[in-house]
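A.B. asks: Attaching a single structure in structure tokens format; questions to follow.
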Amino acid sequence: MTALRPPGPAAPFARLAEHLPDPVFACNSDGSVLAYNPAAAGLAGTVGLDAPEQLLPARHVEYVHECLYHDEIAELADTRVGPFTLCWTYVPSGGGTAVHVLGRDVTDSRRTEAALRISEARHRLLAEQSTDIISRHSPGTWTFLYASPAAQTLLGYAPEELVGRSSLDFFHPEDRRAYQERGPSVAYERGIYVATYRYRHKDGHYVYLESTSRTLRDPVSGELLEIISVSREVSRRVLAERATKRLARIVEATTDLVAFFEPNGRVTYLNEAARRVLGIPYPENKCLKLAELMPAAAYAQIEREALPTARLGGVWSGETAFVDAMGREIPVSQVVLAHAGEHDEIDYFSTIARDISERRQAEEREQRHQAEMTHVARLITMGEMASGLAHELNQPLAAIVNYARGAIRRIHGEPPAELPVLAGVLERIAEQASRAGEIIKRLRSFARKSEFRRAPVDLNKVVGDMIRFCRPEARRHALELRAELTGTLPAVLADRVQIEQVLLNLLRNAMEATVQAQGSGHGPSTHDASLRTVTLSSACLPGGVVAVHVADHGHGLPPGGPEPLFEQFYTTKPKGLGLGLSISRSIMEAHGGALWAENRPGGGAVFSLSLPAAP
Ligand code: ADP
């Protein structure tokens with residue numbers, strides 16, 4: 001093997017070549033090798049070549065000519081020698097007569113470069129296939145340096161439309177302000193920064209993007225080079241979260257009692273109203289049981305009815321009760337909902353309860369009022385019946401008594417009457433008769449005793465109350481109850497319950513008469529709404545008298561005029577008692593007022609009551 005023999009003036013270079021780890025050749029202008037260095041000989045030996053020249057590229061002679069022709073250094077394509085990759089450099093020397101050829105071993109760097117290329121391609125592929133937007137930005141201005149194709153899908157912009165523009169331009173103005181105020185550079189200093197912003201879509205609407213950004217710094221100087229972001233659309237999630245938050249606020253703020261509890265009865269949540277009403281310092285009390293919040297009977301109802309029904313159908317509702325910290329019962333109307341987990345088994349229940357104490361009290365008041373009215377009605381009826389019966393029965397009864405006593409006298413006279421047994425019977429008749437007389441006497445005095453409790457009464461209000469009271473009944477017959485009230489009605493002094501009783505009687509009669517004349521409202525009957533109306537009106541009559549008229553579209557008054565209607569036991573109804581109008585008239589007269597009836601010009605009747613205005 002020939003060591004590198006320097007062609008004349010390049011002697012110092014030859015010495016350097018001697019120590020180079022890469023092969024170096026000195027060649028003539030025709031390409032023939034004049035000398036080579038030990039590295040060339042060594043490499044040729046390693047790869048099993050006969051001569052170091054065989055390391056040179058196949059087009060070596062061509063390269064030599066070109067290098068000399070252009071008189072400049074030429075770096076040429078790589079060649080493979082065994083497992084090595086060599087990169088060749090041709091350097092003209094000797095004033096255009098010779099060429100130095102350097103073969104650099106680039107095996108490792110070429111392998112690294114190839115790996116890098118593959119990895120880059122892989123990353124690009126990932127970025128381009130990703131449904132998230134992957135983007136690069138210059139620090140500070142947030143100018144897009146690159147955006148992946150997902151930008152088109154999520155924001156409507158082609159990546160090239162974004163490059164060169166600042167990401168901040170797409171922020172919702174509020175989010176941009178928040179971003180600028182928060183000084184996110186602080187966060188970027190630390191590396192990764194996650195934030196959710198509204199970005200403007202090309203169409204003009206905003207989408208929520210959650211971006212994870214990371215800074216890239218120069219490893220030596222620490223200078224901030226660029227920011228890489230991965231952004232995904234989270235609109236649906238953000239909107240769902242907001243809706244949930246809003247709902248949670250409503251649940252917390254509602255005046256109804258809301259609780260969540262597990263199937264074992266452990267309460268996991270009580271809203272503010274529930275905590276306040278029940279006096280529970282929850283959430284401090286972590287092991288609260290629903291059973292502790294309800295009276296035993298109510299909780300038993302929940303276990304027996306509510307939970308099984310909710311499990312089957314999702315929901316149960318009913319009336320139960322809660323109990324507060326002082327042990328007071330709070331009646332509630334309650335709804336229980338069952339909530340299924342992932343595997344369809346019920347994992348918790350929720351309940352919404354409304355305090356119905358006031359409704360209960362109102363119902364009780366109403367019931368008491370009704371009971372009172374019925375009671376008074378019964379008293380009045382009894383009174384009326386008593387005076388009627390007394391009138392009709394007193395004289396015959398007295399005659400029976402006299403007759404019976406006479407018979408007894410005669411039986412005991414001379415000669416004694418026969419059939420002494422008759423005496424016993426007659427005595428019993430007398431006994432019974434005087435007892436009947438006693439009963440009648442008692443009833444009569446009782447009827448006389450019933451006193452009025454007079455107080456100032458607003459008749460407009462009584463009319464309104466009675467209409468409300470009768471409306472369900474009217475609705476059943478497709479009737480309308482209408483009020484035409486005079487605004488300035490003086491009060492009257494009256495027993496309110498009795499006046500209500502009179503009005504109720506007139507209203508019921510008017511409805512019955514209308515149904516009789518116009519049909520029940522169910523079959524083929526009049527559907528002319530104006531004919532299915534009962535009108536209650538109030539008026540001030542001359543002489544300080546207040547009146548209420550009840551006008552209907554019934555069959556009107558009988559040909560004989562209205563007076564028979566006010567007599568006791570006058571009725572045209574199969575189940576009628578014929579007492580209502582006569583009692584009503586007595587009530588009105590006892591109040592110093594009146595009750596009368598007239599035919600209505602257009603058909604039907606008008607019943608009117610009047611009372612003197614209170615002084
Ligand atoms: P009852 O309703 O039990 O029959 P009332 O004394 O209240 O007793 O009525 C007596 C009768 O007067 C009724 O049977 C009916 O024939 C007649 N009457 C009552 N109100 C009206 C009315 N608005 N229109 C026509 N007839 C009426």
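A.B. asks: Give or take rounding to whole Å, what are the principal axis extents of the alpha carbon atoms in the stretch 291-351, in descending order?
C.D. replies: 41, 18, 15
A.B. asks: Same structure again: Can you put 316, 596 in order, fewest other beta carbons within 10 Å first?
C.D. replies: Working: 316 22, 596 15.
In increasing order of surrounding Cβ atoms, one gets 596, 316.
A.B. asks: Of the DSSP beta bridges with both residues in the stretch 455-537, give the percent that are antiparallel, rounding to the nearest 5. Show your work: numbers first, answer last.
C.D. replies: Details: 3 of 8 bridges.
DSSP beta bridges in the stretch 455-537 are roughly 40 percent antiparallel.
A.B. asks: So, in the chain, how many Lys pairs have Cα atoms under 30 Å apart, if the pair is 8 or more places apart or on different chains?
C.D. replies: Working: 202/245; 245/286; 245/289; 441/449; 441/575; 449/461; 449/575.
Going through the chain pair by pair, I get 7.
A.B. asks: Which one of 228, 338, 401 is farthest out on the positive end of the charge dipole of the chain, using unit charges on Cβ (Lys, Arg +1; Asp, Glu -1) and the Cα centre as origin?
C.D. replies: Farthest towards the positive end: 401.
A.B. asks: Mind jotting down the three principal axis lengths of the chain based on Cα atoms? Whole angstrom, largest first.
C.D. replies: Reported extents, whole Å, longest axis first: 196, 58, 48.
A.B. asks: If we sort 82-94, 471-483 on the protection proxy, mean other Cβ atoms within 10 Å, highest first, what's the order?
C.D. replies: 82-94, 471-483
A.B. asks: Would you compute, from DSSP H runs of 4+ residues alone, the mean residue ellipticity of the chain at 222 nm, taking -39500 (n - 2.57) per run and dividing by the full residue count, rounded to the nearest 500? Can you show the working numbers first?
C.D. replies: Numbers: 18 runs with 259 residues, N = 615.
Using -39500 (n - 2.57) per qualifying helix, the result is -13500 deg cm²/dmol.
A.B. asks: Assuming a ≥ b ≥ c are the square roots of the Cα gyration tensor eigenvalues, decide whether the stretch 78-191 counts as rounded (a/c under 1.5), prolate (otherwise, with a/b larger than b/c) or oblate. Could the numbers behind the result be given before it?
C.D. replies: Values: a/c = 3.33, a/b = 2.62, b/c = 1.27.
Prolate, because a/c is 1.5 or more and a/b exceeds b/c.
A.B. asks: Still on this structure, please answer the following. What's the local net charge at residue 39, with K and R +1, D and E -1, over the other residues with C-beta under 11 Å away?
C.D. replies: Values: positive: 104; negative: 18, 22, 105.
For residues surrounding residue 39, the net value is -2.
A.B. asks: Suppose a student asked you for the relative contact order of the chain, using Cα pairs under 8 Å spaced at least 6 residues apart; what percent would you report?
C.D. replies: Values: 1004 pairs, mean separation 34.2, N = 615.
Normalised by residue count, the contact order of the chain is 6 percent.
A.B. asks: With r defined as the distance between the Cβ atoms of residue 182 and residue 218 and R0 fixed at 22 Å, what FRET efficiency is calculated, to the nearest 0.05?
C.D. replies: E between residue 182 and residue 218, to the nearest 0.05, is 0.30.
A.B. asks: Quick check for me: using +1 on Lys/Arg Cβ and -1 on Asp/Glu Cβ, what's the dipole size of the chain about its Cα centre, in debye to the nearest 20? Intermediate results must be reported in sequence, preceding the final value.
C.D. replies: Working: 67 positive and 74 negative charges, 682 e Å.
My answer is approximately 3280 debye.
A.B. asks: Taking amide H positions as placed in the peptide plane 1.01 Å from N, state which residues far from residue 226 in sequence (5 or more) or on other chains have amide H under 5 Å from it.
C.D. replies: Result for residue 226 returns 216.
A.B. asks: Kindly put 467, 302 in sequence by how many other C-beta atoms sit within 10 Å of each C-beta, fewest to most.
C.D. replies: On the way: 467 17, 302 22.
Ascending Cβ contact count within 10 Å gives the list 467, 302.
A.B. asks: May I pose another question? Just to confirm a number: summing +1 for Lys and Arg and -1 for Asp and Glu over residues other than residue 76 whose beta-carbon lies under 13 angstrom from that of residue 76, what do you get?
C.D. replies: Values: positive: 59, 104; negative: 62, 66, 72, 75, 78.
Summing Lys and Arg as +1 and Asp and Glu as -1 gives -3.
A.B. asks: Considering only 60, 483, 426, whose Cα is most displaced toward the positive end of the charge dipole of the chain, charges sitting on Cβ of Lys, Arg (+1) and Asp, Glu (-1)?
C.D. replies: Of 60, 483, 426, it is 426.
A.B. asks: Here's something else I'd like to know. Taking K and R as +1 and D and E as -1, what net charge do the other residues with C-beta under 14 Å from the C-beta of residue 310 add up to? Walk me through the intermediate numbers first.
C.D. replies: Details: positive: 304, 311; negative: 262, 303, 305, 345, 347.
Net charge in that neighbourhood comes out at -3.
A.B. asks: How would you rank 274-280, 115-121, 353-359, highest first, on the average number of other Cβ atoms within 10 Å across their residues?
C.D. replies: Per-residue mean Cβ counts within 10 Å order the peptides as 274-280, 353-359, 115-121.
A.B. asks: Under a plain spin-label model, where a point goes 7 Å from the Cα along Cα-to-Cβ, how far apart in nm are residue 304 and residue 153?
C.D. replies: With each label placed 7 Å out from Cα toward Cβ, I get 5.9 nm.
A.B. asks: Another question, if that's okay. With +1 on the Cβ of every Lys and Arg and -1 on the Cβ of every Asp and Glu, and nothing else charged, how large is the dipole of the stretch 266-324 about its Cα centre, in debye rounded to the nearest 20? Mind showing how you got there, number by number?
C.D. replies: Working: 7 positive and 7 negative charges, 41 e Å.
Using Cβ point charges on Lys, Arg, Asp and Glu, the stretch 266-324 gives about 200 debye.
A.B. asks: Only Lys, Arg, Asp and Glu count, each charged at its Cβ (+1, +1, -1, -1), so figure out the dipole size of the stretch 226-271 about its Cα centre, rounded to 20 debye.
C.D. replies: In debye, rounded to 20, the stretch 226-271 gives about 100.
A.B. asks: In the chain, with Lys and Arg counted as +1 and Asp and Glu as -1 at Cβ, which of these residues, 146, 201, 604, has the Cα nearest the positive end of the dipole, that is, farthest along it?
C.D. replies: Value: 604.
Every number here is computed from the coordinates shown, using simple stated rules; none is lab data. Just so we're clear, the structure is a prediction, and the values are computed from it rather than from any experiment. Neighbour counts run over all protein chains shown; Cβ positions are idealised from the backbone, glycine included.
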